[in-house]
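The values are calculated or read from the model by the stated rules, or taken from the named source; none is laboratory data. Everything numeric here is computed off the predicted structure, so don't read it as measured data. No Cβ is skipped: glycine too gets one built from the backbone with ideal geometry, and neighbour counts run over all protein chains shown. Only protein heavy atoms, including side chains, enter the accessible area calculation; ligands, DNA and RNA are left aside. Shrake-Rupley method; radii C 1.70, N 1.55, O 1.52, S 1.80 Å.
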Amino acid sequence: MIGMCAKWLTQAPLHIKTVELVFPVPGHSLIPPDRVFGLVEKEIKRMETILKPVEYVEVFEKYGTVMLLNNVKDWKTALGNVIRPPGNWHFQFNQCKRFFLKRNRSNDVYVKGEPNYCADIVSYKSVLKRGKPFIDLNPDSIEKNKVVVKKDKIKDVDALLKKHCGENWKSRDDLDFYKQMILRAENKSNETEEDEEVCEVAVPESDLRI
């Protein structure tokens, strides 16, 4: 989140100098989305089964505006090459309740984290690796077809579908989402097995002979 906000700040209008991220105390926040979350959760609990992802979208659309993501970026991989690990930052990351990002005239972004809501005791510093500016950060897109689910999860999904839809669930046209998911996992598994090379361990001949 901090990396994405920092990248956005380098491209934001010039009058925006600072971004503040506030994390309320868990269980004690009273914000407008809480009511929406409660209504959505109540309706989903009344649904006996949910087979298709679109069924979630249909529920969400009753209580808000749904925006489907078409281009998802791999921020985690890209930021790993640019930002130092949070354990090496100049403040204790896990203790912070507020994070601040500030850019200067050179469009460099500096970060600080505050452990309190009302007191500012930490100074701004860079969290970047040497020679890695935020402005050059360009994460690659994640292609949906390349996302592969783990084998254990595939087994669980297959077992649930057999339980609710019968042993021949793959013959149903309305379950194409799961069929494609399992097919991608099987193809990926076959490609991995073909790429693995079996190497024989060379046993050196001993100089001692009897």
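Overview of values
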| read-out | value |
| --- | --- |
| Candidates Val57, Val72, Val40 - the one that is touching a strand residue (DSSP E or B) at 6+ places or on another chain (Cβ under 9 Å) and within 27 Å of Leu161 (Cβ to Cβ) | Val72 |
| From Ser126, Ser141, residue being open to solvent by less than 80 Å² (accessible area, probe 1.4 Å) and at pLDDT 90 or above | Ser126 |
| Selected residue (criterion: surrounded by the most Cβ atoms within 10 Å (Cβ to Cβ)) from residues of the range 46-70 that are of a type in the set (Ser, Thr, Tyr) and assigned to a loop (DSSP other than H, G, I, E, B) | Tyr63 |
| Long-range neighbours under 7 Å by Cβ, at least six apart or interchain, first residue farther than 19 Å from Phe177 by Cβ within the range 42-66, second open to solvent by less than 60 Å² (accessible area, probe 1.4 Å) | Glu43/Val59; Tyr63/Val36; Tyr63/Leu39; Tyr63/Val40; Gly64/Val36 |
| Hits in the range 12-38 - residues which are surrounded by 10 or more Cβ atoms within 10 Å (Cβ to Cβ) and more than 30 Å from Val59 (Cα to Cα) | Ala12, Ile16, Lys17, Thr18, Val19, Glu20 |
| Count of the range 84-124 residues which are basic (Lys, Arg) and within 22 Å of Pro13 (Cα to Cα) | 4 |
